[in-house]
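Written out below as structure tokens is the structure these notes cover.
The values are calculated or read from the model by the stated rules, or taken from the named source; none is laboratory data. What you see is a predicted model; the values in this text were computed from it and never measured. Using ideal geometry, Cβ is built from the backbone for each residue, glycine included, and neighbour counts are taken over all protein chains shown. Protein only, heavy atoms only, side chains kept; ligands, DNA and RNA dropped before computing areas. Shrake-Rupley method; radii C 1.70, N 1.55, O 1.52, S 1.80 Å.
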Amino acid sequence: MTDTKTTVAVPQTIDTSYYSPKDGGIITANTDDFLNWVRANSMWYMLFGLACCAIELMQTGGPRADLDRFGAVFRASPRQSDLIIVAGTLTYKMASRVKILYDQMPEPKYVISMGSCSNCGGLFEQGYSVCKGVDKIIPVDVYVPGCPPRPEALTEGVMKLQEIVKRERFLRRKTA
Ligand code: SF4
């Protein structure tokens, strides 16, 4: 008999069976599925706002768009971050800093490129000082189009990343 007070809500997409006795709870699951479930729903992201897209990034983390409800909260340190959201125009001068910060993040780590500038240079593609996409510097998992993307678009980008994480084989993940 299931005790409703201790039942753990496990997504049906995960092949997981669980049993919740009155004195606590026992979850039995495939190791990859369990770790992916936890990781996908606790995606801590490092802010890397570089230009006007950063305004929409901040708005996405605010109470109206409420990205926190997906378990995504921002951190100020790469050491505590699972994800870096690069938002805005990336100059060659800043590109080396992005690489340093990315290298300081622990594995497994992910990258969202937010906005046209970060995706390919955008309006400033012809600029002598502008990098033609953050993927020239670090590997990108999800691209969010727009100039700037709305908070809803970035939220969908995070949800796309969650789908990727849930399909991963954690113990056999290839590093970049
Ligand atoms: S994509 Fe548009 S809004 Fe975003 S940083 Fe570039 S110019 Fe600004």
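With every protein chain present, what accessible area does THR60 have (1.4 Å probe, heavy atoms only), rounded to the nearest 10 Å²?
0
Pop a pseudo-label 7 angstrom from the Cα along the beta-carbon direction at both GLN59 and ARG150 and give the gap in nm to one decimal.
0.9
If amide hydrogens are placed 1.01 Å from N in the peptide plane, which non-local residues have theirs closer than 5 Å to the one on TYR110?
The answer is LEU83, ILE84.
Using a simple spin-label model with points 7 Å from Cα along the Cα→Cβ vector, what separation in nm is obtained for ALA95 and PHE70?
A separation of 2.8 nm, rounded to one decimal place.
Test of understanding: what is the full-extension gain from ASP141 to SER129, defined as 0.36 nm times their sequence separation minus their Cα-Cα distance?
That works out to 1.9 nm of additional length.
Mind checking the full-extension length gain between ALA29 and LYS160? Use 0.36 nm per residue of separation minus the Cα-Cα distance, one decimal, nm.
Stretched out fully, the ALA29 to LYS160 stretch lengthens by 44.9 nm.
Over all directions, what mean area does the Cα convex hull of the stretch 40-118 project, stated in square nanometres?
Result: 5.0 nm².
Shape call for the stretch 58-162 from the C-alpha gyration tensor, a ≥ b ≥ c root eigenvalues: rounded (a/c under 1.5), prolate (a/b greater than b/c) or oblate?
Oblate, since a/c reaches 1.5 and b/c is not below a/b.
Taking amide H positions as placed 1.01 Å from N in the peptide plane, with prolines and chain starts having none, which residues 5 or more places from LEU50, or on another chain, fall under 5 Å of its amide H?
Under 5 Å from the amide H of LEU50: ALA87, GLY88, THR89.
What does the accessible area of LYS160 come to, in Å² to the nearest 10, when a probe of 1.4 Å is used?
Spelled out: LYS160, probe radius 1.4 Å, area about 90 Å².
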